[in-house]
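Please read the structure below before turning to the comments.
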Amino acid sequence: MTSNQQRAALQSQIWKIANEVRGAVDGWDFKQYVLGTLFYRFISENFASYMEADDDSIHYAELDDGVITPEIKDDAVKTKGYFIYPSQLFANIAKSANTNDSLNTHLADIFTAIESSASGYKSDVDIKGLFADFDTTSNRLGNTVVDKNTRLAAVLKGVAGLNFGDFHGSQIDLFGDAYEFLISNYAANAGKSGGEFFTPQHVSRLIAQLAMHKQTSVNKIYDPACGSGSLLLQAKKHFDSHIIEDGFFGQEINHTTYNLARMNMFLHNINYDKFNIQLGNTLIKPHFGENKPFDAIVSNPPYSVQWIGSEDPTLINDERFAPAGVLAPKSKADFAFVLHALSYLSSKGRAAIVCFPGIFYRGGAEQKIRRYLVDNNHVETVISLAPNLFFGTSIAVNILVLSKHKANTTTQFIDASELFEKKTNNNVLTDEHIKQIMDVFDSKEKLDYFAKSIDNNKIAANDYNLSVSSYVEAKDTREVVDIAALNADLKTTVAKIDQLRADIDAIVAEIEREQA
């Protein structure tokens, strides 16, 4: 079985488990239990593997908790960021799940213990609250303890039966891919309310490549609205780990999604000291001001959400927004996220941001912000994508690429709206589509109906309009008509009609003579 076949089979199993065990629980709500159980299994096996240290004579799950000394625990937490006693491992809990009358409270105690193990250590902020959304006492699992335990046992047994292969082999990627598969499927089935935090992997690949293009190394990568971390993780998948020197940084406003992002980091084998995901409103209470600048920024912020804007008079003096001389409209925060990203960007880096198309042609404050971006030569490329690439929205979004190191004063426009492949309910970008975009992004070559670079003075003369359709001519797919040939055909047809009428008139005249 190839790796792709193994991955497909595993994903099919996982989705089957998710559907079988959720019962009356809403799928979007129940995702936390399936994802949380998958995460619990991963960190258990990861931790056991660390404790065994490739010594085949040691089976951590079979050890008595009493053999763990304070020194052993201290050393493990400093390295892994958390501690799990043998009796608390997923394998041991899943083994007796069906007969454990206190399963729901037992799991709650274990999750509390794992989080508490990091208390007082550097990893505390990265571990605290990881299991907050895995509420084993919730009535969503059932109205009685028996109902709760039955459903929890089914999830544990289902996830225990998944074959991830040899832990020292490729299984870490399989864990992470399985996790992302679940998130994306729940997002796809949840509509806008669930899909808005997840950027599909095919789009994430393009964004990561744009932000990291031709950088042999970056100090760190940042996403100011990181959702479940899918954009940050694509950077890890696409580039060798050593290229991203100081790790992965992100901020997320939604508490549940913030926990998903942190879990996702662990599941992709990014240790606590290599990521920093913070909870909060990036526009009002931004983190990482002391960590900037960043060599790579990726983001898919929420489209046209409301924010406090001009109601807070101090924001116009904020170093992120002050250079533009105007704040993004209160009803449309899109450019607030753009200016925030630009402020955090290093002089050698790039930011690749998914944007709602309206911000590139509307007037008012948004036009003034475009003027600032163009006049200061920060816009490298604007790319229009095909519609229906994202969960929960069918709009055709754009990608804005910002840079502080452009060698010329032109802005590139790429019309990629025809690059897509139809799959189920959504369109997707294939690897070939991504290559086409990246090739022309790199070369800055002019290609009819696809890509063109425009001098910034011309953009200024066009009211700082940054819509791709204003500069890249759309291919006329209408059938070309040969007028001369059409006229000749019409003359022939008219002549035939005239002759037919004459013949009919002659026949009618002959009949009338005979009757007379």
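The helices (runs of 4 or more DSSP H) falling completely within region 69-165 that include 2 or more residues that are without any contact (Cβ under 8 Å) to a residue 24 or more places away in the chain and over 29 Å from the mean Cα position of the chain (by Cα) map to 70-80, 103-116, 145-160. One residue alone among LYS274, LYS214, LYS237, LYS285 is of a type in the set (D, E, K, R), open to solvent by 60 Å² or more (accessible area, probe 1.4 Å) and modelled with pLDDT under 90, and that residue is LYS237. Please verify whether ASN139 is open to solvent by less than 20 Å² (accessible area, probe 1.4 Å), over 24 Å from ALA261 (Cβ atoms) and out of contact with any Cys (no Cβ under 6 Å at 6 or more places or on another chain), treating the condition exactly as stated. The answer is no for ASN139. A search for C-beta distances below 6 Å between a residue of region 370-399 that is within 25 Å of ALA322 (Cβ to Cβ) and any residue that is open to solvent by 10 Å² or more (accessible area, probe 1.4 Å) and of a type in the set (Gly, Ala, Ser), counting only pairs 6+ apart in sequence or on different chains, returns TYR372/ALA324. Within the span defined as region 364-372, every residue fails to be open to solvent by less than 40 Å² (accessible area, probe 1.4 Å), touching a Ser or Thr at 6+ places or on another chain (Cβ under 7 Å) and at pLDDT 95 or above. Filtering region 354-382 to residues that are out of contact with any helix residue (DSSP H, G or I) (no Cβ under 9 Å at 6 or more places or on another chain) and among the aromatic types (Phe, Trp, Tyr) leaves nothing. For region 341-367, give me each residue that is aliphatic (A, V, I, L, M) and in a strand (DSSP E or B). Result: LEU345, ALA351, ALA352, ILE353, VAL354. Across region 42-67, the qualifying residues are those that are touching a Pro at 6+ places or on another chain (Cβ under 9 Å), free of Cβ contacts under 8 Å to residues at least 40 places away in the same chain and not in a loop (DSSP other than H, G, I, E, B), and the one among them that is most open to solvent (accessible area, probe 1.4 Å) is GLU62. Of VAL159, VAL203, which residue is modelled with pLDDT of 75 or more, closer than 25 Å to SER44 by Cα and crowded, with 22+ Cβ neighbours inside 10 Å? From the options VAL159, VAL203, the qualifying one is VAL159. Of everything in region 428-455 that is in contact with a Phe, Trp or Tyr (Cβ under 9 Å, 6 or more places away or on another chain) and assigned to a helix (DSSP H, G or I), the residue that is farthest from ASN388 (Cα to Cα) is VAL440. Scanning region 240-271 for residues that are open to solvent by 30 Å² or more (accessible area, probe 1.4 Å) and free of Cβ contacts under 8 Å to residues at least 24 places away in the same chain yields a count of 2.
Only a single item in (1) free of Cβ contacts under 8 Å to residues at least 40 places away in the same chain; (2) surrounded by 10 or more Cβ atoms within 10 Å (Cβ to Cβ); (3) on the phi < 0 side of the Ramachandran plot is not met by ILE483, and it is number (2).
Scanning region 427-456 for residues that are over 26 Å from the mean Cα position of the chain (by Cα) and exposed (fewer than 12 other Cβ atoms within 10 Å of the Cβ) gives SER443, ASP448.
Taking region 297-327, which residues are under 28 Å from ASP246 (Cα atoms), of a type outside the set (D, E, K, R) and open to solvent by 40 Å² or more (accessible area, probe 1.4 Å)? Listed by number, the list holds a single entry, PRO302.
The values are calculated or read from the model by the stated rules, or taken from the named source; none is laboratory data. These numbers were taken from a predicted model, which means no experiment stands behind them. Here Cβ is always computed from backbone atoms with ideal geometry, including for glycine, and neighbour counts include all displayed protein chains. Areas reflect the complete protein model, heavy atoms only, side chains present, ligands, DNA and RNA absent. Shrake-Rupley method; radii C 1.70, N 1.55, O 1.52, S 1.80 Å.
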